[in-house]
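> Sharing a structure, written as C-alpha cells. Questions coming.
The numbers here are math on the coordinates, done by the rules we state, and not lab data. Bear in mind the structure is a predicted one, so any value in this text is a computation, not a measurement. Here the Cβ positions follow ideal geometry from the backbone for every residue, glycine too, while neighbour counts run over all protein chains shown.
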Amino acid sequence: MPPRTGLLDPVSEQVETTLLRAIAVLRFVVATYAVVLNVARWREFEHPAAGWVVIGVIVVWTFVATWAYDAPRRRGLPLLVADFAVAAATLLATPYVESEAMLDRHASTLPSFWVMAPVLAWAVLRGWPGGIAAAVLMSLLDLSVRTVRTGTTWGNIFLLLLAAGVVGYCATQIREATEARAQAERVAAQLAERARLARAVHDGVLQVLALVQRRGRELGGEAAELGRMAGEQEVALRALVQGSSGEPLPATPDGAVDVAAAIGRVQSATVTVSAPAGP
C-alpha cells in the first residue's frame, strides 16, 4: 500500500473507521484480560507499585487510543508511533515489575495480548508492510524481555505476524474494492443523468437550431450572426446530452481511454465529429 500523502476520500475513511472500531473492541477485550491477569498475580510482583502504574497506563491508553483513532484527521503517523510506543513501554517494564521466578517460569508479560492492538492499527492504516514491520519490532521487544523462550513464545510471535499480514492485506483490498464500487456508482449516476437529459431534450430542438444556423448563412447579414450563435448552441447542447465536457476522461486501470469521447471534444459549429454510439 502506498504511503498516505493526505486526506483520503470519504469512502476510504469510512472503511478505515469501521476496521479501527473493530480493533477498538478487540483493544478493550485484551485490555480487560491484561488487567484481570495482573490483578490476580500482583502479589508475585517484584515491584507491585510499578505494576499498578502499568495497569493504569493500559486502561487509560485504551480509552485514549479509541477516541483518537475515531477521527480521520488524527490517524497520522504521530498517533501510530505513540500507540506503538505506549505498548512497547508496558512490555519493556515487565522485567522490572515481575519477579525473577515469574520470568524463569515464562510468565505472561504485563500487557500480554494487549500489544497486538497497535500492531493491527498499523496494518489497517499502513497496509500489510506496515503491519508486519510493527509486528516484527514488537516481537523483538517481546523476546528481549524474556529469560526463557518456549514453543508458546514462538507460536505467539507467528500468530502476531500472521494477523498483521492478513489484516493489512484485507484492509487494503477492502479499501480498493470500496473505492472501485463508489467510482462505478458515480459513473452510473452520470450516465443516468445524461439519459435523462437526452429524453428531456427532444431531437427536434437540435434540428431547429441546425435549421436556424443553415438559414442564417443563406440569408447573410444579421441573420448570419444569429445562425452562427444557433450553431454554437446546437453543438453545446449536443455535447451536453452526449456527455462531452472539459472533465478528464475516465480511464481503465491500464490507462486506456475512450478515443471517440476525446475526439468529440473538438466538435464545434464548423467541425462535425461522427463516432460509434458505444465504446
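> At what distance in nm do the modelled label points of Gln207 and Gln173 sit from each other, each positioned 7 Å from its Cα along Cα→Cβ?
Placing both labels 7 Å along Cα→Cβ, they lie 5.5 nm apart.
> What are the residues whose amide H is under 5 Å from the amide H of Leu110, where those residues sit 5 or more places off or on another chain and H is modelled from the backbone?
The answer is Thr94.
> Using the Karplus curve 6.51 cos²θ - 1.76 cosθ + 1.60 with θ = phi - 60°, what ³J(HN,Hα) values do you get for each residue of region 28-43, in whole Hz, with x for Gly and Pro?
Residue by residue, region 28-43 yields 5, 5, 6, 5, 4, 4, 5, 5, 4, 4, 6, 5, 6, 10, 5, 5 Hz.
> For Glu100 paired with Arg215, estimate the spin-label separation in nm (one decimal), with each label point 7 Å from Cα along the Cα-to-Cβ line.
Result for the modelled spin labels: 10.9 nm.
> I would also like to ask the following. Using θ = phi - 60° and the Karplus form 6.51 cos²θ - 1.76 cosθ + 1.60, what ³J(HN,Hα) does each residue of region 81-93 get, whole Hz, x for Gly and Pro?
Using θ = phi - 60°, the values come out as 5, 5, 4, 5, 5, 5, 4, 5, 5, 5, 5, 5, 6 Hz.
> Looking at region 119-149, which trypsin sites (Lys or Arg not before Pro) are in a loop (DSSP not H, G, I, E or B) and have at most 12 other Cβ atoms within 10 Å? Intermediate values should be presented prior to the final figure.
Details: sites: Arg126, Arg146, Arg149; in loops: Arg146, Arg149.
For trypsin sites (Lys or Arg not before Pro) across region 119-149 that sit outside H, G, I, E and B with at most 12 neighbouring Cβ atoms in 10 Å, the list reads Arg149.
> Separate question: Each residue of region 18-27 in turn: what ³J(HN,Hα) in whole Hz from Karplus with 6.51, -1.76, 1.60 and θ = phi - 60°, glycine and Pro shown as x?
4, 5, 5, 5, 5, 5, 4, 4, 4, 4
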